[in-house]
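Enquirer: Can you read through this structure? Questions will come right after.
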Amino acid sequence: MGWNLAELVQRHTVPGAQVAVLANGEIEEHAAGVLSLRTRIETTTDSVFQIGSITKIWTSTLAQKLVNEGVLDLDCPIHHYLPNLELVEGITARHLLTHTSGIDGNHFTETGMDDSAVARFVATLTPADQLFPPGAMFSYSNTGFAVLGRLIEVLRDKPFHDVLREELVTPLGLQTVSTNAYEAILHRAAVGHEQTDGVLNPVKTWALAYSNSPGGAQLAMSAHDLLTFIRLHFTDFAELREPQVPVPPNVSAPHWGLGWMLYGDGVVGHTGTTIGQKAFLRVVPEKQVAVAVLTNGLGGAPLAHEVMTHTLRDLVGVETPPRLTPPPDPEPVEDWMHGTYRGTKGNYTISEEDGSAFLTYTSRDIHDRAEIVRFDEASIITKEPDFGTHYVLTFVGRDETGRAKFLHNSNALPRIA
C-alpha cells in the first residue's frame with residue numbers, strides 16, 4: 001500500500017491507530033501502537049475507537065430508511081413531527097442533514113445517559129439558538145443532528161441507540177459496535193490523548209455528552225466493523241450522496257450531500273473528532289472501495305492523509321488533495337476581518353500586534369493564541385501547524401460598514417464586536 005502503520009504512528013506522535021481497507025470484496029486490517037500511553041495495552045484489529053462525526057452517516061442512513069418507508073418527508077417542517085419543539089419554524093430534515101438549519105452547532109449539554117437523554121437535550125433548545133434563517137448558509141451543526149436523532153426516536157417510538165442496534169448493528173452482525181462507554185469497556189477500548197504542558201497524555205474524560213450521540217458523541221467500533229457497515233452504501237442509499245449544498249473553502253470537502261462529505265473524483269466520506277481521538281473515512285462507491293483510519297492522538301490527520309493518499313492512488317487512481325499550507329508570500333490580514341466572533345462555548349478574536357495578525361480563542365478555561373496569515377481573499381490560515389495541521393477559517397458576508405459578518409470554521413460564528 002506504500003505505507004507502514006507502525007512507522008506512521010511513531011512519526012506522527014499518535015499512540016495507536018487502526019486502518020481497514022475494503023477492496024475486491026475483502027477487508028484488509030492493520031493495527032499499531034497502544035490504546036493508552038498509561039496502560040500500554042497493544043492496539044489490535046478488534047480494538048474499538050470512537051468514530052466521532054462519522055456517526056452522522058449512520059444517523060443519515062436511519063433517516064433515509066424512514067424516507068424510503070414513506071414515514072418521513074425531508075422537506076416537511078420538522079414541527080409537523082415534533083410539535084413541541086421550541087426552535088424557529090421552517091426547519092426541515094433536509095436542513096438538518098445538510099447543516100443548513102441555522103442552529104448553533106456545538107451545544108454539548110449533559111442530560112444523563114438514559115433513554116430520554118436526547119429528548120431532554122432537544123427540549124433545552126430555543127429560538128435563541130438560531131444563528132440565521134433555515135437554508136441561508138452552511139454551518140456545521142452537531143446540535144442539528146441531535147434534533148434529527150430525536151426525530152428518528154419519535155417516528156420509531158424507540159430510543160436512538162435501540163433504533164441504531166435493531167436496524168443496522170444487529171442485522172449486519174457487527175460485534176464491536178458500542179453505543180456508550182459501558183459497552184466499549186467490554187472490548188479493547190482506545191483512550192484519546194491530548195497535549196498538556198508539551199506532553200501527550202491520556203484524556204480524563206472518555207467521550208462527549210451522551211445527549212449528542214446522533215451527531216457522534218459516543219459511537220465506537222473497529223475499523224473493520226465500520227467498513228462492514230459501509231458495504232450497505234455500495235448498493236443502497238445512493239440518494240444520500242447526491243450534492244445538496246456547496247460549502248466554504250475552509251471545509252475540506254467542496255460539497256455536502258445528505259450527511260456525506262463529497263470530496264470530488266467520486267470520493268465521499270466523513271471525518272470525526274472526539275476528545276483526543278480522530279477518525280477518517282473515504283469511500284469510492286462506484287469502485288466499491290473504502291478506507292477507514294481510526295486514531296487516538298492529535299496527529300491523526302497527517303497520518304490519515306498519508307494512508308489515504310497512497311491507498312486511493314494505488315486502488316482507484318485518485319489523487320488526494322494536498323494538505324493546506326500557508327502561501328509563500330501571503331497578503332496581509334485586512335482590517336475588515338478584525339473583530340470578535342461568538343462561538344458556542346468561547347469567542348474568537350482577530351487582532352494585530354507589532355505588524356503580525358493573531359487569532360485568539362477564549363473560553364471559561366482556555367486561552368489559546370496562534371499567528372495567522374492570509375490564505376486567499378476571504379480566508380486566513382494558521383502560520384504554524386498544530387500536530388501537522390494548519391487551520392483555515394473563512395469570512396462570510398459583509399455588514400453595512402463593510403466588516404465581515406461571520407467567521408467560518410465549519411461553523412458560522414457571528415461577529416459580536
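Enquirer: If you only keep lysine pairs separated by 8 or more in sequence, or across chains, how many in the chain come under 28 Å at the Cα atoms?
Expert: Lysine pairs satisfying the spacing and distance rule in the chain number 17.
Enquirer: If you plug each phi of region 116-133 into the Karplus form 6.51 cos²θ - 1.76 cosθ + 1.60 with θ = phi - 60°, what whole-Hz ³J(HN,Hα) values come out, in order, with x for Gly and Pro?
Expert: 9, 4, 5, 4, 5, 5, 4, 5, 7, 7, 9, x, 5, 8, 8, 7, 7, x
Enquirer: I would also like to ask the following. Would you mind finding the longest exposed-site-free stretch of the chain, with exposed trypsin sites (Lys or Arg not before Pro) meaning DSSP loop and at most 13 other Cβ atoms within 10 Å?
Expert: Numbers: sites that count: Arg38, Arg40, Lys204, Lys345, Arg364.
Longest stretch, sites excluded: 41-203.
Enquirer: Moving on to the next point. Is the shape of the chain rounded, prolate or oblate, going by the alpha carbon gyration tensor and its root eigenvalues a ≥ b ≥ c, with a/c under 1.5 for rounded and a/b larger than b/c for prolate?
Expert: rounded
Enquirer: Which of the chymotrypsin sites (Phe, Trp or Tyr not before Pro) found in region 1-106 are in a DSSP loop and have at most 14 neighbouring Cβ atoms, other than their own, within 10 Å? List each step's numbers first, then the result.
Expert: Numbers: sites: Trp3, Phe49, Trp58, Tyr81; in loops: Trp3, Tyr81.
Answer by residue number: there is no such site.
Enquirer: Tell me, in nm to one decimal, what length is gained between Glu319 and Thr126 on full extension, where the rule is 0.36 nm per residue of separation less the Cα-Cα distance?
Expert: Values: separation 193, 0.36 × 193 = 69.48 nm, distance 4.39 nm.
That works out to 65.1 nm of additional length.
Enquirer: Below 8 Å between Cα atoms, with a sequence gap of 6+, how large is the relative contact order for region 223-340 in percent? Before the final figure, lay out the partial values.
Expert: Values: 148 pairs, mean separation 17.7, N = 118.
It rounds to 15 percent for region 223-340.
Enquirer: Taking the alpha-carbon centroid of each part, what is the distance from region 116-163 to region 226-295 in angstrom?
Expert: 21
Enquirer: Counting only C-alpha contacts under 8 Å and six or more residues apart, can you give the relative contact order of region 241-284 as a whole percent?
Expert: Values: 71 pairs, mean separation 11.2, N = 44.
Computed over region 241-284, the figure is 25 percent.
Enquirer: With +1 assigned to the C-beta of every Lys and Arg and -1 to the C-beta of every Asp and Glu, and no other charges, what is the dipole magnitude of the chain about the Cα centre in debye, to the nearest 20?
Expert: Working: 30 positive and 49 negative charges, 92 e Å.
The dipole magnitude comes to about 440 debye.
Enquirer: Along the positive direction of the dipole of region 254-361 (beta-carbon charges: Lys, Arg +1; Asp, Glu -1; about the Cα centre), which of Thr309, Pro330, Tyr341 reaches farthest?
Expert: Farthest towards the positive pole: Thr309.
Enquirer: Out of every Cα pair in region 172-240, what percent are spaced more than 14 Å from each other? Let's see the in-between values first.
Expert: Working: 1595 of 2346 pairs.
Distances greater than 14 Å cover 68 percent of the Cα pairs.
Enquirer: Next question. In square angstrom, rounded to the nearest 10, how much accessible surface does Phe237 have for a 1.4 Å probe?
Expert: Taking all protein chains as shown, Phe237 has close to 30 Å².
Enquirer: Carbon and sulfur atoms: what percent of the 1.4 Å accessible area of region 263-417 do they account for? Don't skip to the answer; put the middle values down first.
Expert: Working: 3480 of 7160 Å².
The nonpolar share, carbon plus sulfur, comes to 49 percent.
Enquirer: Using the heavy atoms of the protein chains alone and a 1.4 angstrom probe, what is the accessible area of the chain per residue in square angstrom? Please list the in-between numbers first.
Expert: Numbers: 17390 Å² over 417 residues.
Spelled out: the 1.4 Å probe surface of the chain, per residue, equals 42 Å².
Enquirer: Further, regarding this structure: Would you please give the residues with an amide H less than 5 Å from that of Phe375, counting only those at least 5 places away or on a separate chain, with H modeled from the backbone geometry?
Expert: Result for Phe375 returns Ile380, Ile381.
Enquirer: Taking amide H positions as placed in the peptide plane 1.01 Å from N, state which residues far from Leu413 in sequence (5 or more) or on other chains have amide H under 5 Å from it.
Expert: Leu407, His408
Enquirer: Follow-up. Under the rule of at least 5 residues apart or a separate chain, name every residue whose amide H is placed under 5 Å from the amide H of Leu172.
Expert: It is none; the list stays empty.
Enquirer: Pairs of alpha-carbon atoms within less than 8 angstrom and 6+ residues apart define the contacts here; what relative contact order does the chain have, in percent? Could you put the intermediate results ahead of the total?
Expert: Numbers: 940 pairs, mean separation 77.8, N = 417.
Taking the mean separation of contacting Cα pairs over the length of the chain, I get 19 percent.
Enquirer: Please work out whether region 19-158 counts as rounded, prolate or oblate from its C-alpha gyration tensor, where a ≥ b ≥ c are the square roots of the eigenvalues and a/c under 1.5 means rounded, while otherwise a/b larger than b/c means prolate and anything else oblate?
Expert: Numbers: a/c = 2.20, a/b = 1.74, b/c = 1.26.
It comes out prolate by the Cα gyration axes.
Enquirer: With a/c under 1.5 counting as rounded, go ahead and sort region 205-316 into rounded, prolate or oblate using the C-alpha gyration tensor (a ≥ b ≥ c being the square roots of the eigenvalues; past the cut-off, prolate if a/b is larger than b/c, else oblate).
Expert: Values: a/c = 1.41, a/b = 1.27, b/c = 1.11.
The shape class here is rounded.
Enquirer: Give me the tail of P(r) for region 304-394 as a percent: Cα-Cα pairs with distance above 24 Å. Mind dumping the intermediate values first?
Expert: Working: 1384 of 4095 pairs.
Cα-Cα pairs in region 304-394 separated by more than 24 Å: 34 percent.
Enquirer: Next question. List the GluC sites (Glu not before Pro) in region 72-152 that DSSP assigns to loop (not H, G, I, E or B) and whose Cβ has at most 12 other Cβ atoms within 10 Å. Which are they?
Expert: Numbers: sites: Glu86, Glu89, Glu110; in loops: Glu86, Glu89, Glu110.
Passing both the DSSP loop test and the Cβ count: Glu89.
Enquirer: What is the percent carbon and sulfur in the accessible area of region 125-213, measuring with a 1.4 Å probe over the protein chains and ignoring ligands? Show your work: numbers first, answer last.
Expert: Numbers: 1970 of 3790 Å².
On region 125-213, the fraction of accessible area on carbon and sulfur atoms equals 52 percent.
Enquirer: Probe 1.4 Å, all protein chains in place: accessible area of Thr100 in Å², nearest 10?
Expert: 10
Enquirer: Okay, next question. Work out from phi, with θ = phi - 60° and the Karplus expression 6.51 cos²θ - 1.76 cosθ + 1.60, the ³J(HN,Hα) of each residue of region 50-62, listed in order in whole Hz, and give x for Gly and Pro.
Expert: 5, 9, x, 6, 4, 3, 4, 5, 5, 5, 5, 5, 4
The values are calculated or read from the model by the stated rules, or taken from the named source; none is laboratory data. Quick caveat, the model's predicted, so the values are computed rather than measured. Cβ: placed from backbone, ideal geometry, glycine included. Neighbour counts: every protein chain shown. The accessibility values were calculated without ligands, DNA or RNA, using every heavy atom of the protein model including side chains. Shrake-Rupley method; radii C 1.70, N 1.55, O 1.52, S 1.80 Å.
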